[in-house]
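Trainee: Quick one: the structure is below, and I'll ask about it shortly.
Just so you know, all these numbers are worked out from the coordinates, no wet-lab data involved. Keep in mind that what you see is a predicted model, and the values were worked out from it rather than measured. Glycine gets a Cβ as well: all are built from the backbone with ideal geometry, and neighbour counts include every protein chain shown.
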């Protein structure tokens with residue numbers, strides 16, 4: 001459950017990130033498509049603190065009806081006070097302006113946010129399917145007593161500067177004398193002290209395919225001590 005919550009937090013952050021940049025792209029596209037072009041005079045320019053490489057530039061310009069309007073927008077270019085610059089503005093709300101050069105920049109944010117959201121969605125679905133399969137095995141699978149074999153380091157993965165811990169056990173199907181080996185999920189702590197002298201561990205298997213199983217390690221302490 002905690003893995004799914006962590007993934008949901010990632011997806012929420014990615015969605016906010018995505019929507020922020022998508023709104024900026026949409027604003028620029030809308031003003032470029034429906035707006036009016038004119039020349040403005042730069043009043044001030046300063047670098048933004050949140051978006052590296054962008055400058056917030058304030059310009060003053062006149063509309064066709066003679067109104068003087070001041071607007072501020074982000075641009076990749078650097079200007080000095082008094083510089084002349086081409087802008088687009090929204091005729092319905094002239095203070096909304098655009099310099100026409102940030103769509104590509106903001107699209108990178110859309111791509112990154114979208115990638116992170118899809119990445120989180122992939123793992124959320126994966127964890128959900130895994131939880132569903134485990135619950136199905138617990139409800140309708142065959143419960144066996146697997147013989148404890150060992151507690152080892154999992155050489156396939158790294159947890160920080162060390163390999164995680166796994167519990168290994170085995171079981172022989174008396175109907176065909178086939179021996180099966182089972183491995184627990186990975187732990188960041190040594191499970192040995194929590195086995196309390198156990199020689200057998202409950203494992204729920206699919207009778208049609210014992211390779212599909214769920215090892216009951218509820219004796220392990222609760223908390224953030226598992227991987228994946």
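Trainee: Need one number for the range 90-214: average projected area of the convex hull over its C-alpha atoms, nm².
Mentor: Details: hull surface 58.7 nm².
With every direction weighted equally, the projected area is 14.7 nm².
Trainee: Rounded to whole Å, give me the distance from the Cα center of the range 176-196 to that of the range 24-65.
Mentor: One Cα centre to the other: 62 Å.
Trainee: Which entry is the computed percent of Cα pairs over 28 Å apart for this structure: (1) 55; (2) 31; (3) 62?
Mentor: Among (1) 55; (2) 31; (3) 62, the one calculated here is (1).
Trainee: Another question, if that's okay. For the Cα atoms of the chain, what angle does the longest principal axis make with the long axis of helix 103-140, in degrees from 0 to 90, nearest 10?
Mentor: Approximately 20 degrees, to the nearest 10.
Trainee: How far is it, in nm, from the label point at residue 136 to the one at residue 107 when both lie 7 Å from their Cα along the line to the Cβ?
Mentor: With each label placed 7 Å out from Cα toward Cβ, I get 4.2 nm.
Trainee: Same structure, new question: Using only Cα atoms, find the angle between the long axis of helix 2-34 and the longest principal axis of the chain, and express it within 0 to 90 degrees, rounded to the nearest 10.
Mentor: Around 20 degrees separate the two axes.
Trainee: Right, another one. Taking the Cα atoms of the range 141-227 alone, what are Rg (to one decimal) and Dmax (as a whole number) in Å?
Mentor: Answer for the range 141-227, Rg first and Dmax second: 13.5, 44 Å.
Trainee: Mind giving me the FRET efficiency for residue 118 and residue 33? R0 is 25 Å, r the Cβ-Cβ distance, nearest 0.05 is fine.
Mentor: Efficiency at R0 = 25 Å is approximately 0.35.
Trainee: Could you work out the helix-only [θ] at 222 nm for the chain, with each DSSP H run of four or more residues adding -39,500 (n - 2.57) and the total divided by the number of residues, to the nearest 500 deg cm²/dmol? All intermediate terms of the calculation are to be shown ahead of the outcome.
Mentor: Values: 2 runs with 71 residues, N = 228.
About -11500 deg cm²/dmol.
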